[in-house]
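**Student:** The structure follows.
The values are calculated or read from the model by the stated rules, or taken from the named source; none is laboratory data. Note that the structure is a prediction, hence the values are computed from the model and not measured. Positions of Cβ are generated from backbone atoms using ideal geometry, with glycine treated the same way; all protein chains shown enter the neighbour counts.
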Amino acid sequence: MYLADSRRSPASAAAPAPGPGRSARIAPTVLALGTVSLVTDISSEMVTAVLPLYLVTALGVSLLGFGVLDGVFNGASALLRLLGGFLGDRGGGRHKAVATAGYGLSALCRPALLLVRTAPLIGLVLAVDRVGKGLRTAPRDAMISLSTTPERRGRAFGVHRAMDTVGALTGPLFAFLVLRAAPGGYHAVFTVSSYVAALGVLVLVLLVPGRSLRAAPPGPGPRPRAAGLLRLRGLRRITGCAALLGLATVSDSFVYLLLQRRLELPVGWFPLLPLGTAAVYLSLAVPLGGLADRFGRRRVFVLGHAALLTGYGLLLVRPGGGAPLAAGVLALHGLFYAATDGVLAAAAAGAVPERRRGAGLALVGTGQAAGRFVCSLAVGALWNRWGDTAALAVMSASLTAAVATAARLLPAAPPALPAEQPLEEEPA
């Protein structure tokens, strides 16, 4: 969401100069991390696909209670992203070690779901799982950005997100097959997910290089203060807009619950809904990342949020639309992610020096996660009080205002920050 045209971003002295036949290559680090994300996402999406129904149907959690748990699931990683980013940047770059700790912690939470039965304990397990995600996300994205030249970052993140989305497609399908074989067998889903998560950690340890291809410049580790990073004008704007938009973005779980109730979909088919989103995301992540590199990231980013608003509109005006409604909403949902997720990470990477890359990416992710945490609480409360239509209408109006504000605050092509420039020299 740092909406500069990355063609204007000068590469650091350490960046490999693209040459004939080289500029379009994807770094091995990106492919290895994509494999890790693919395997890990199979595990996590198996759980995510059944969790709403498990909580609401099997355990009888209220919609307000589900909103709280969903907020925990989406927001508990907020502050830990900062810690993961700062720890990964220290010592010239310990990104792999911190990412491994995060993936390992999340993997341990899968079998823990087999042991808990009450909403508070499930909330605790979900919080720990998000702690793991918070620790790993910024170091992982830092490794991607540091192994890629600035003019190709959008495409590199698109490739990673596409591989991640293969896992997002496969996970719900596995969950569906498990539930078909054992109706109501949520614990069977959690068991299979545990084994897959362990495989993801093993792939990370064996295949991902210990250091990025473009190592951070030598020097003392950065001080763990977000306030210093916010002195960077571009990063400050990105973070603020990410938080603002997060406040008005309805979580995936609520979108799928809305569709399930609109379509009166049988419980066993519920895990298939995320497949529609993931399929569109997979097909569009790489081309939209390339378009963002070429034509500017603000345009692609705004397009993505316009697609999301259109999906909300379909849910509001066609409550009984049947299969066409589901196809339209899921396609627009996938387009939203393809146009914003990798673009946000690629753009934020250009707004912070290399030595602070992990911490800068973490700051943006923290703002977004915190906003989505509050949004989940608000949607759950509104839904519980006035129903799903009123909740979605409020969020649609809020998102419209947030996108308009972000489009005004973020310039189309601000000058890029040179990678070797120290943080202290950047004007506020």
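**Student:** For region 250-283, how many residues are part of a loop (DSSP other than H, G, I, E, B), surrounded by fewer than 23 Cβ atoms within 10 Å (Cβ to Cβ) and within 22 Å of the chain's Cα centre (by Cα)?
**Tutor:** Filtering region 250-283 for residues part of a loop (DSSP other than H, G, I, E, B) gives 250-251, 264-266.
If we keep only those that are surrounded by fewer than 23 Cβ atoms within 10 Å (Cβ to Cβ) as well, we get 251, 264-266.
Within this subset, residues satisfying the condition of being within 22 Å of the chain's Cα centre (by Cα) are 251.
Summing the residues that are part of a loop (DSSP other than H, G, I, E, B), surrounded by fewer than 23 Cβ atoms within 10 Å (Cβ to Cβ) and within 22 Å of the chain's Cα centre (by Cα) in region 250-283 gives 1.
**Student:** Go through (1) out of contact with any Pro (no Cβ under 7 Å at 6 or more places or on another chain); (2) among the small types (Gly, Ala, Ser); (3) at pLDDT below 85 one by one and return the number of the condition residue 198 breaks.
**Tutor:** Exception for residue 198: condition (3).
A quick yes/no check of all residues on (1) free of Cβ contacts under 8 Å to residues at least 40 places away in the same chain; (2) under 20 Å from residue 66 (Cβ atoms); (3) surrounded by 20 or more Cβ atoms within 10 Å (Cβ to Cβ):
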{"residue": "139", "(1), (2), (3)": "no, no, yes"}
{"residue": "145", "(1), (2), (3)": "no, no, yes"}
{"residue": "186", "(1), (2), (3)": "no, yes, yes"}
{"residue": "202", "(1), (2), (3)": "yes, no, no"}
{"residue": "206", "(1), (2), (3)": "yes, no, no"}
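**Student:** Then there is this: Any residue in region 248-269 that is on the phi > 0 side of the Ramachandran plot and out of contact with any Leu (no Cβ under 8 Å at 6 or more places or on another chain)?
**Tutor:** yes
**Student:** So, one more: Looking at 389, 340 in this structure, which one is touching a residue at least 24 places away in the same chain (Cβ under 8 Å), β-branched (Val, Ile, Thr) and over 30 Å from residue 228 (Cβ atoms)?
**Tutor:** That would be 389, the only listed residue that is touching a residue at least 24 places away in the same chain (Cβ under 8 Å), β-branched (Val, Ile, Thr) and over 30 Å from residue 228 (Cβ atoms).
**Student:** Can I ask one more? Tally up the residues in region 285-329 that are closer than 20 Å to residue 148 by Cα, aliphatic (A, V, I, L, M) and either in contact with a strand residue (DSSP E or B) (Cβ under 8 Å, 6 or more places away or on another chain) or buried (at least 22 other Cβ atoms within 10 Å of the Cβ) (or both), please.
**Tutor:** Number satisfying all stated conditions: 4.
**Student:** Of all residues in region 89-121 being at pLDDT 85 or above and more than 30 Å from residue 186 (Cα to Cα), which is surrounded by the most Cβ atoms within 10 Å (Cβ to Cβ)?
**Tutor:** So, considering only residues that are at pLDDT 85 or above and more than 30 Å from residue 186 (Cα to Cα), the one surrounded by the most Cβ atoms within 10 Å (Cβ to Cβ) is 95.
**Student:** Being among the hydrophobic types (A, V, I, L, M, F, W, C) and modelled with pLDDT under 80: is that true of residue 410 here?
**Tutor:** Criteria met by residue 410.
**Student:** Could you say whether any residue in region 339-347 is among the small types (Gly, Ala, Ser) and at pLDDT 90 or above? Please lay out each step first, then the result.
**Tutor:** Initial filter on region 339-347 (among the small types (Gly, Ala, Ser)): 339, 342, 345-347.
Adding the requirement that they be at pLDDT 90 or above leaves 339.
The answer is yes, given that some residue of region 339-347 is among the small types (Gly, Ala, Ser) and at pLDDT 90 or above.
**Student:** Still on this structure, please answer the following. Residue 349 - would you say it is within 19 Å of the chain's Cα centre (by Cα), in contact (Cβ under 8 Å) with a residue 24 or more places away in the chain, surrounded by 24 or more Cβ atoms within 10 Å (Cβ to Cβ) and over 25 Å from residue 310 (Cα atoms)?
**Tutor:** In short, yes.
**Student:** Has region 382-399 got at least one residue that is under 30 Å from residue 273 (Cα atoms), surrounded by fewer than 17 Cβ atoms within 10 Å (Cβ to Cβ) and at pLDDT below 85?
**Tutor:** Checking region 382-399: at least one residue is under 30 Å from residue 273 (Cα atoms), surrounded by fewer than 17 Cβ atoms within 10 Å (Cβ to Cβ) and at pLDDT below 85.
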